[in-house]
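The structure under discussion appears below in the form of structure tokens.
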Amino acid sequence: MQPDVLQKLEQRLGRVHARQRLGVEDDHETQVFGGGLNVFHLENWYSVHSVIRNTLKLTGLYWRGLRNAQRINVRQVSIPRQDLPPSFDGFTILQISDMHVDMNAASMQRLVELLPHITYDLCVLTGDYRGQTYGPYDAALDGLEQVRRCLTPPVYGVLGNHDTIRMVPRLEEMGIRMLLNESEAIVRGDERIFVAGIDDAHYYRVDNIEKAASSIPRNEFSILLSHTPEIYRQAAHADFRLLLSGHTHGGQVCLPGSVPLTLDSALPRHLGSGAWKYHNMDGYTSVGVGSSIVPVRFNCPPEISLHQLKILPSHGFSLVGPIANMPGVEHPR
């Protein structure tokens, strides 16, 4: 790693956090190449990727799945809450998750075409910018920079299990405020809400919800960004009102009816995609824009999500569905 990157990370995160995260990454990479439990993780078992790809090609399904992966769905989600500050009634959040930029060129081009037609107040990126879980990341950042130019600020982000902390300086240089167990206030008039984000809780397990929430006053409306929804219990009991996450891809390869064959997360199936609720916290798990392992999707179209906060007598999600009047939006088949 270049010395200036380490210096920037220590200045940004503090010496302990920066070196801890880098050390954990190095330990995991050693396990990937040298054995241990992580070598059996499907994302790290790269010989299997070719087997899956070639099997799909032999069955004739690969090209169909490839086309499916490029049909990005735009979802509108209404989030009615009794505890929302009045100034934020109608506040809209664009969520983009799991881009895996460097293995989904056609999907990224489609995303770039869609973004100029979308209006929102805040954009959040919920992790997994890189295709692999280790190795080079410049190609992913180059592609992400093209996407970033199409986004209206402010833009906040968190890291996923495919992302290295080494990406943070350049991510922030391109105008993405990374939340690494941190929070920031969003102000409208004399009212505010808080947006917090945690570091990866799935693979590296360097999340710290307590630290992320430490500067949020009690009873303030707060939103937590996490790459994985696995921390839903901790988030709800930390008094977050909304959790936005991704990671699962909704299964990516599903049976008819969007029933996932498998979910790479330790959580109930109903939390694996879309809207859900736990105690007083609403949650949304994005199925993501990109694809992992093999760039195909079946019965699980990729998506970006528009979450609109609303003041209503009762709270809970209502899924409006794909936007019908947006130019060029393709709907799932």
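Details
- Tally of residues being of a type in the set (D, E) and in contact (Cβ under 8 Å) with a residue 24 or more places away in the chain across the stretch 116-141: 2
- Scanning the stretch 216-271 for residues that are under 28 Å from L66 (Cβ atoms), touching a Ser or Thr at 6+ places or on another chain (Cβ under 9 Å) and of a type in the set (K, R) yields a total of 0.
- Selected residue [more than 20 Å from F194 (Cβ to Cβ), in contact (Cβ under 8 Å) with a residue 40 or more places away in the chain and either in a loop (DSSP other than H, G, I, E, B) or of a type outside the set (G, A, S) (or both)] from H247, H270: H247
A quick yes/no check of all residues on (1) closer than 22 Å to I311 by Cα; (2) basic (K, R); (3) modelled with pLDDT of 90 or more:
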position: A212; (1), (2), (3): no, no, yes
position: I216; (1), (2), (3): yes, no, yes
position: L225; (1), (2), (3): yes, no, yes
position: R233; (1), (2), (3): no, yes, yes
position: A236; (1), (2), (3): yes, no, yes
position: G246; (1), (2), (3): no, no, yes
position: Q252; (1), (2), (3): no, no, no
position: V259; (1), (2), (3): no, no, no
position: H270; (1), (2), (3): no, no, no
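Table: residues versus (1) among the hydrophobic types (A, V, I, L, M, F, W, C); (2) closer than 22 Å to E184 by Cα; (3) surrounded by fewer than 24 Cβ atoms within 10 Å (Cβ to Cβ); (4) in contact with an Asp or Glu (Cβ under 8 Å, 6 or more places away or on another chain).
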position: H117; (1), (2), (3), (4): no, no, yes, no
position: T126; (1), (2), (3), (4): no, yes, no, yes
position: R130; (1), (2), (3), (4): no, no, no, yes
position: P136; (1), (2), (3), (4): no, no, yes, no
position: L141; (1), (2), (3), (4): yes, no, yes, no
position: L151; (1), (2), (3), (4): yes, yes, yes, no
position: V155; (1), (2), (3), (4): yes, yes, yes, no
position: L159; (1), (2), (3), (4): yes, yes, no, yes
position: H162; (1), (2), (3), (4): no, no, no, yes
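- The residues of the stretch 230-256 include none that are touching a His at 6+ places or on another chain (Cβ under 7 Å), hydroxyl-bearing (S, T, Y) and more than 14 Å from G127 (Cα to Cα).
- Given (1) within 18 Å of G131 (Cα to Cα); (2) of a type in the set (K, R); (3) modelled with pLDDT of 75 or more, index of the condition R64 fails: (1)
The rows are residues; the columns are (1) charged (D, E, K, R); (2) not in a loop (DSSP other than H, G, I, E, B).
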position: G127; (1), (2): no, no
position: Q132; (1), (2): no, no
position: G135; (1), (2): no, no
position: Q146; (1), (2): no, yes
position: Y156; (1), (2): no, yes
position: L159; (1), (2): no, no
position: H162; (1), (2): no, no
position: E184; (1), (2): yes, yes
position: R192; (1), (2): yes, yes
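- Selection of the stretch 244-277 for residues being within 17 Å of R75 (Cα to Cα), small (G, A, S) and crowded, with 18+ Cβ neighbours inside 10 Å yields S245, G246, G250, G272, S273, G274, A275.
- Every pair of residues 6+ apart whose Cβ atoms lie under 6 Å, when the first sits in the stretch 179-196 and is closer than 24 Å to M167 by Cβ while the second is among the acidic types (D, E): L180/D199; N181/D199; V195/E184
- Residues of the stretch 197-242 that are among the hydrophobic types (A, V, I, L, M, F, W, C), surrounded by 22 or more Cβ atoms within 10 Å (Cβ to Cβ), touching a residue at least 40 places away in the same chain (Cβ under 8 Å) and farther than 17 Å from R177 by Cβ: A235, F240, L242.
- Contact map, the stretch 298-315: first residue of a type in the set (K, R), second residue modelled with pLDDT of 95 or more, Cβ cut-off under 7 Å, separation 6 or more or different chains; pairs are K310/S78; K310/I79; K310/P80; K310/D89; K310/G90.
- Within the stretch 87-144, the set of residues being modelled with pLDDT of 95 or more, over 20 Å from G246 (Cβ atoms) and of a type in the set (G, A, S) comprises S87, G90, A139.
- First in the stretch 67-94 and within 14 Å of S107 (Cβ to Cβ), second anywhere and β-branched (V, I, T) and crowded, with 20+ Cβ neighbours inside 10 Å, Cβ under 7 Å, 6 or more apart: N68/V296; A69/V296; I72/V289; I72/I304; V74/I304
The values are calculated or read from the model by the stated rules, or taken from the named source; none is laboratory data. Keep in mind the model is a prediction, meaning the values are calculated, not measured. Because the Cβ atoms are built from the backbone with ideal geometry, glycine has one as well, and the counts that use them run over all protein chains shown.
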